[in-house]
1. Note down all Cβ pairs under 7 Å where the first residue falls in the range 91-111 and is touching a residue at least 24 places away in the same chain (Cβ under 8 Å), the second is assigned to a strand (DSSP E or B) and loosely packed, with under 15 Cβ neighbours inside 10 Å, and they're at least six residues apart or on different chains.
2. Of (1) out of contact with any Phe, Trp or Tyr (no Cβ under 8 Å at 6 or more places or on another chain); (2) over 29 Å from Arg9 (Cα atoms), Trp172 satisfies all except one. Which?
3. Hey, can you tell me all the residues within the range 1-60 that are of a type in the set (Ser, Thr, Tyr) and within 16 Å of the chain's Cα centre (by Cα)?
4. I need the full set of residues from the range 34-73 which are open to solvent by 10 Å² or more (accessible area, probe 1.4 Å) and of a type in the set (Ser, Thr, Tyr), in order please.
5. Just need a number here: residues in the range 46-82 that are out of contact with any strand residue (DSSP E or B) (no Cβ under 8 Å at 6 or more places or on another chain) and aliphatic (A, V, I, L, M).
6. Check Met80, Met66, Met43 and return the single one that is aliphatic (A, V, I, L, M) and touching a helix residue (DSSP H, G or I) at 6+ places or on another chain (Cβ under 9 Å).
7. Would it be correct to say that Arg31 is touching an Asp or Glu at 6+ places or on another chain (Cβ under 6 Å) and part of a strand (DSSP E or B)?
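The values are calculated or read from the model by the stated rules, or taken from the named source; none is laboratory data. Note that the structure is a prediction, hence the values are computed from the model and not measured. Cβ placement follows ideal geometry from the backbone for every residue including glycine, while neighbour counts extend to all protein chains displayed. The protein model used for the area step is the full one, side chains on, heavy atoms only, and it has no ligands, DNA or RNA in it. Shrake-Rupley method; radii C 1.70, N 1.55, O 1.52, S 1.80 Å.
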Amino acid sequence: MKVTFYEDRNFQGRSYECMGDCGDFSSYMSRCHSCRVHSGCWMMYDNPNYMGNQYFFRRGDYADYMSMFGMNNCIRSCRMIPMYSGSYRMRIYERDNFMGQMYEMMDDCDSVMDRYRMSHCQSCHIMDGHWLFYEQPHYRGRMWYFRPGEYRSFSNMGGMRFMSMRRIMNSWY
């Protein structure tokens, strides 16, 4: 897994090669306006320490990713998403702390409202796999990366309301 970040658009200026998680680029470069993902899938963040808005990148060239994704700030940190080849399974809950209606999912869901008649979910338990959650139906809007674990409350995630979910598949690598 490897990504190269460049200070300027079109892969110009100083560069920084990354092969794993990096919580803060500032010691390597003052800004980042383009990147080349050589291999793997990555979540990019517009703040240090994996904070702020999240953006999903897979193998490819991103000569001007800020325009492409409509970003206001450049990438400040990144997290490598490990390959996963098992089954996918999670439970979503209507309310915080795993309360209210619960549904178990093992595949993508383009609208929790259409499938489950839930206006949104407020907590989840990811048992297997890596997932992307989106704030709008049909995998649109801001996204958030989830790996296996318990997520008791989404209220501390900048007011995100998740309306669709998708598995990060090996074929994306």
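1. Arg91/Glu104; Tyr93/Met99; Tyr93/Gly100; Glu94/Gly100; Glu94/Gln101
2. Of (1) out of contact with any Phe, Trp or Tyr (no Cβ under 8 Å at 6 or more places or on another chain); (2) over 29 Å from Arg9 (Cα atoms), only one is false for Trp172: (2).
3. Tyr45, Tyr50, Tyr55
4. Within the range 34-73, Ser39, Tyr50, Tyr55, Tyr62, Ser67 qualify.
5. The first filter runs over the range 46-82 and keeps only residues out of contact with any strand residue (DSSP E or B) (no Cβ under 8 Å at 6 or more places or on another chain), leaving 66-67, 70, 82.
Retained after the next criterion (residues that are aliphatic (A, V, I, L, M)): 66.
Residues in the range 46-82 being out of contact with any strand residue (DSSP E or B) (no Cβ under 8 Å at 6 or more places or on another chain) and aliphatic (A, V, I, L, M): 1 in total.
6. Testing whether each residue is aliphatic (A, V, I, L, M) and touching a helix residue (DSSP H, G or I) at 6+ places or on another chain (Cβ under 9 Å) leaves just Met66.
7. no
Condition check ((1) surrounded by fewer than 17 Cβ atoms within 10 Å (Cβ to Cβ); (2) in a loop (DSSP other than H, G, I, E, B)) across all residues:
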position	(1), (2)
Ile75	no, yes
Met80	no, no
Met90	no, no
Ser119	yes, yes
